[in-house]
Amino acid sequence: MKCPYCNEAMEKGLIESSEPINFMREVRFVNRANEKKGEFNLAKPPFGGRASVEVWLCRSCRKIVIDL
Ligand SMILES: [Zn+2]
């Protein structure tokens, strides 16, 4: 995949976490009252495993493309 910003070749890889990987509009701290506001789940960890999403990285301009 070519980077849509600088046209350099991108590397395929993944982002992983022991917690769910979510898009959120703002940082969520201990208070989870606004948990669902604007949240979009990208991946949930399986029992005993880690959540992961495939991504394309451009090291040149430090952009990541996530294609779900
Ligand atoms: Zn780039």
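The values are calculated or read from the model by the stated rules, or taken from the named source; none is laboratory data. Note that the coordinates shown come from a computational prediction; the quantities given were computed from them, not determined experimentally. Virtual Cβ from ideal backbone geometry, glycine too; neighbours counted across all protein chains shown. These area figures cover heavy atoms from the full protein model, side chains too; ligands, DNA and RNA do not enter into them. Shrake-Rupley method; radii C 1.70, N 1.55, O 1.52, S 1.80 Å.
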Can you work out which of the residues in the stretch 41-68 that are of a type in the set (Gly, Ala, Ser) and over 15 Å from Leu14 (Cβ atoms) is farthest from the ligand (Cβ to nearest atom)?
Gly48
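Every residue, every condition in (1) at pLDDT 95 or above; (2) open to solvent by 100 Å² or more (accessible area, probe 1.4 Å); (3) of a type in the set (A, V, I, L, M, F, W, C); (4) in a strand (DSSP E or B), yes or no:
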residue: Gly13; (1), (2), (3), (4): yes, no, no, yes
residue: Lys36; (1), (2), (3), (4): no, yes, no, no
residue: Asn41; (1), (2), (3), (4): no, no, no, yes
residue: Trp56; (1), (2), (3), (4): yes, no, yes, yes
Across the stretch 15-34, the tally of residues that are at pLDDT 80 or above and out of contact with any Ser or Thr (no Cβ under 7 Å at 6 or more places or on another chain) stands at 10
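Name every residue in the stretch 47-68 that is over 12 Å from Glu16 (Cα atoms) and without any contact (Cβ under 8 Å) to a residue 24 or more places away in the chain, in order of residue number.
So in the stretch 47-68, the residues over 12 Å from Glu16 (Cα atoms) come out as 47-48, 56-68.
Phe47, Gly48, Arg62, Asp67 - these are the residues of the stretch 47-68 that are over 12 Å from Glu16 (Cα atoms) and without any contact (Cβ under 8 Å) to a residue 24 or more places away in the chain.
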